[in-house]
Structure formats: C-alpha cells, structure tokens
1. Extending each Cα 7 Å along its Cβ direction at T263 and Y88, get the distance between those two points in nm, one decimal.
2. In whole Å, largest first, what are the principal axis extents of the Cα atoms in the chain?
3. For the charge dipole of the chain, defined by +1 on Lys and Arg C-beta atoms and -1 on Asp and Glu C-beta atoms about the Cα centroid, which residue among F237, A283, Q227 has the Cα displaced farthest towards the positive pole?
4. Which angle from 0 to 90°, rounded to the nearest 10, does the C-alpha axis of helix 77-92 make with the longest principal axis of the chain?
5. Scanning the chain for GluC sites (Glu not before Pro) in DSSP loops with at most 16 other Cβ atoms within 10 Å, what's the longest stretch left with none?
6. Dipole of the chain (Lys/Arg Cβ +1, Asp/Glu Cβ -1, origin at the Cα centre): which of G122, A183, L133 lies farthest to the positive side?
7. V120: accessible area at probe 1.4 Å, nearest 10 Å²?
8. I need the Debye-formula profile for segment 170-327: one equal scatterer per C-alpha, no solvent, reported as log10 I(q)/I(0) at q = 0.09, 0.14 1/Å, two decimals.
Amino acid sequence: MAGKTNSSITNVAALANVSIATVSRVLSGKRDKDDDIARRVRAAAEQLNYSVNYAASALRSDVTNAIGLVIPSATDSFSAQLLDEIEYASDANEQQLMIGIGNDQTTQIDRIESLASRHVDGLIVVPAVNADLTDTLDHYAGTMPIVQIGGHQQSFRTSMVSIDENAAMELIMRHLTERGAHAVAYMASKEISFESAELFTMFHTQVRSYRLTTHTDWNQFGERTVQRGYDCSMRLFAKDNRPDALVCADDAVAFGAMVALHTLGLRVPEDVRIVGFDDSPLAATTMPTLTSVQPPFEQIVAESLRLISTGNSTPAHVSLLPQLVIRESTGYGER
C-alpha cells in the first residue's frame with residue numbers, strides 16, 4: 001500500500017493513457033465531461049490510491065497550469081464577455097482559471113498579490129477605472145508574465161492587449177455619415193479618466209473629420225446604466241436643437257436612450273440613429289435591435305494567452321481592430 005500511496009500524477013496519466021494536464025483537470029473537477037477519459041482517470045487514480053495536492057505540486061514545479069485573471073466586475077458587459085471567452089479557452093487548453101474581482105485600486109492590488117502567491121503561470125489584468133497598478137505590476141513582472149487588457153499601459157515591463165478605439169470611433173462616424181446623420185452626441189463613461197478623456201478626444205477628432213456637427217452641452221460623462229441613458233436622453237431630445245445621431249459608451253446607456261426616445265415620440269432610426277458599445281447580449285434583443293461596437297474577444301484572449309506562453313522576458317503591445325455590428329438602430333440594410 002505504501003507504494004501506491006506514493007504514486008505520482010505521472011503514473012496515473014500513464015495508466016489512464018492521457019496527459020498529465022487531463023488528469024489534473026479531471027481530479028480537480030475543472031473538466032466536467034463525464035466521458036470515457038474521465039472514467040479512466042478516476043479508475044487509475046483509485047487503483048493507485050492517488051489524490052491531488054495542488055499546494056505541494058506548486059512547490060515542486062515551476063508550472064502550475066493555472067492562469068490568473070483580475071477584472072473590475074463579473075457583471076459589466078466587457079468583463080463578463082471576456083470572462084466567458086477566457087474560461088472557454090483555458091478549458092480547451094486544460095488550464096485552471098483563477099479569478100480575482102475588484103472594482104478599485106486597493107482591491108485589485110490585493111487580488112493580484114493573492115494570485116501571485118498561488119504561483120499562477122501568468123496573469124491577465126483588466127484595470128479598474130482610475131486604478132494605478134504600476135508599482136504592483138512592475139513588482140510581479142519579474143516573476144511571471146503579465147498581460148494588461150485595455151486602458152492606458154500601466155507598466156512597460158508587462159505585455160498589453162488593447163482595442164484600437166480610434167478605429168472604433170472612425171467606424172462609427174463613417175457608418176453614421178453613410179446613414180445620413182448630420183449632428184451627433186456622445187454619452188461617455190462616468191469617470192473623467194485617461195481612457196474616457198482619450199475616447200472623448202477621438203470622438204471630436206472623428207466628428208471634425210467627417211464634418212459632422214456636435215455641441216458641448218450634448219456630450220456628457222455619466223454612469224454606464226439604462227437609467228442614465230434614459231435621463232440624459234429625456235433632457236437632450238426634449239430640446240428643439242437636438243442631434244440626429246447618438247453614440248453611447250455602453251449598450252445599457254443606448255437602451256435607456258431608446259426607451260426615452262420612444263417616450264418622446266421619436267423614432268429609431270428614422271429620427272435618431274443610435275450606436276452602442278461592447279455588443280452585449282442586450283444589443284440583439286432591443287426593439288429595434290442595436291448597432292454596437294464588438295470587441296474581438298476571441299482574439300483578445302488568444303493573444304493574451306499567447307503572450308503569457310512566451311514568458312516575461314520580452315513584453316509586447318498588441319492592438320486589435322474591433323468590428324461594428326450593424327443592426328436596426330442605425331437603419332440596417334440602408335445604403
């Protein structure tokens with residue numbers, strides 16, 4: 001019995017005729033398929049009297065087969081869709097995904113430190129608004145590969161995957177111009193952060209480039225909520241001097257705007273064309289359906305995992321192009 005007790009995960013993998021990673025995922029519960037592979041692994045582990053000790057494994061090896069993810073929220077559209085894609089990709093790669101959630105600087109630093117203490121093989125971080133993680137990312141960049149997603153780059157010792165938001169604004173303005181828009185308003189995110197200010201600048205640059213009209217009092221910062229979109233639109237579109245197009249920093253804001261326009265007796269897209277951002281599941285279910293900017297989540301995750309796999313010696317910056325998903329809110333099918 002002593003010999004069986006000392007059996008390793010390698011022995012289990014050999015007996016079950018699978019990879020070590022597959023054994024790890026089956027016995028940890030991360031692989032939820034109850035198929036022949038899972039049954040062989042469990043039978044081999046029982047025969048060899050093997051049980052998993054991940055803490056000991058982490059101490060014995062430089063590889064834990066685990067990826068850490070820190071996000072501001074599990075419910076906002078971008079983080080939720082990113083989480084779904086990373087969970088799918090890590091499962092396909094037979095990696096464990098460890099998640100830390102924090103919507104402020106202090107909490108995110110705590111989550112990064114906690115994941116680092118668990119010896120994850122790499123870390124993906126989506127910084128919270130106005131969170132300065134520079135010192136923390138610099139500190140851990142020497143011990144593991146770190147990839148930041150979105151925002152302005154906080155540490156030049158880490159890799160970066162970003163969305164080309166200038167291209168996103170250009171896509172939006174070109175499309176609105178093609179759909180006959182002349183005057184456009186922008187409902188930006190709440191915090192006047194570096195990211196919000198940069199997008200605000202891009203908006204004005206593209207408005208000038210396409211010779212559209214806007215006014216200072218049309219363009220405001222605010223919450224990324226349905227209520228904000230409704231309240232702001234009720235004030236904005238009750239005026240005689242109003243835009244015929246609206247760009248929203250979030251699909252929820254756009255939906256609130258659509259409800260307000262309906263209340264005011266204005267039609268979408270005939271009177272006002274609306275574009276959202278992040279292409280959440282909400283966009284396909286509104287009436288009319290919502291045109292929205294779709295981040296390339298599959299590419300974001302694939303590049304993040306690729307950069308982690310290359311190690312922490314050569315940080316890189318990858319900028320990806322988004323897609324504008326055209327639906328009824330801007331006149332689907334019009335030319």
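The values are calculated or read from the model by the stated rules, or taken from the named source; none is laboratory data. This is a predicted model, so every value here is computed, not measured. We place every Cβ from the backbone using ideal geometry, glycine too, and count neighbours over all the protein chains shown. With ligands, DNA and RNA removed, areas are computed over all heavy atoms of the protein, side chains included. Shrake-Rupley method; radii C 1.70, N 1.55, O 1.52, S 1.80 Å.
1. Inter-label distance under the simple model: 3.6 nm.
2. Principal extents (largest minus smallest coordinate, Cα): 86, 42, 30 Å.
3. Value computed over the given set: A283.
4. Once rounded, the angle reads 30 degrees.
5. In short, 1-190.
6. The residue sitting most towards the positive pole is G122.
7. Per-residue accessible area (V120): approximately 10 Å².
8. Summing over Cα pairs of segment 170-327 leads to -0.31, -0.69.
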